[in-house]
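Structure record follows, encoded as structure tokens.
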Amino acid sequence: MSDHEPRAEGVARILIGDDEIRARIVEMARELDDVYGDDVPLLVGVLNGAITFMTDLMRAMTIPVQVDLMEVSSYGGTATETSGLVRILKDLSSSIEGKDVLIVEDIIDTGLTLNYLLRYLRGKNPRSLRICALLDKPARRLVEIDIDYRGFTIPDQFVIGYGLDYGEFYRNLPFIGVLKPEVYEQP
Ligand code: IMP
């Protein structure tokens, strides 16, 4: 291993490599360019998980875009489970009324976080509201969510890397990996 390999002791295996992620994001960006055309989408990234995806996606798009960021956290759950109780830690910086909003999310798991966010953003009267998620974990869905653009559908495993964390670690890994169960199953 070279000195420049990321340290990833908790990773059981790589699920999606960085080349594969990059190639898929280019495809998604092309599709978004075509869909929005002359309209200027406002990309709303959901912190912290979507940071990597958001910055790669917007750089792969060629049409003019605007960006904003929100931070939400769910509380009352466990380290690997969402509770559905969502708190806004950072709100939008400006009005989205009449804008073409594209929510940029890292992963949709139970769908509870996004369900809350959709209701919140719909109430602010955007012209359109669409969802772009890098990962979709449909096995655990508790509420139906219409995902407009998805990068990859993944199995029911806890994943880390490329923005996704476990206890705020692993976000900087360039790939998406499966976390070793012993990391979160410690007594
Ligand atoms: P949901 O509300 O259950 O859909 O969960 C949404 C949020 O939970 C995501 O935005 C992630 O921050 C986090 N999350 C869900 N599954 C995973 C995972 O496998 N790895 C890391 N974070 C996850």
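Each reported figure results from applying straightforward, stated rules to the coordinates on display, with no laboratory input. Please read all numbers here as calculations on a predicted model, not as lab measurements. Don't worry about glycine lacking a Cβ; one is built from the backbone with ideal geometry, like all the others, and counts go over all protein chains shown.
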Two-site label geometry, R13 and T55: point separation in nm, points 7 Å out along Cα→Cβ: 3.0 nm
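When all alpha-carbon pairs of the chain are counted, what percent fall beyond 19 Å? Write out the running numbers ahead of the final one.
Working: 10157 of 17391 pairs.
So the pairs more than 19 Å apart make up 58 percent of the total in the chain.
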Taking the Cα atoms only, what angle lies between the long axis of helix 112-122 and the longest principal axis of the chain, rounded to 10 degrees? 20 degrees
List, in order, the whole-Hz ³J(HN,Hα) value for each residue of region 133-144 obtained from phi through the Karplus relation with A = 6.51, B = -1.76, C = 1.60 and θ = phi - 60°; use x for Gly and Pro. 10, 5, 10, 10, 10, x, 4, 9, 5, 10, 10, 6
Quick one: longest stretch of the chain between exposed loop trypsin sites (Lys or Arg not before Pro), exposed meaning at most 16 other C-beta atoms within 10 Å and loop per DSSP? 8-123
Quick check: residue separation of F169 and E185 times 0.36 nm, minus the Cα distance between them. What number comes out in nm? 4.1 nm
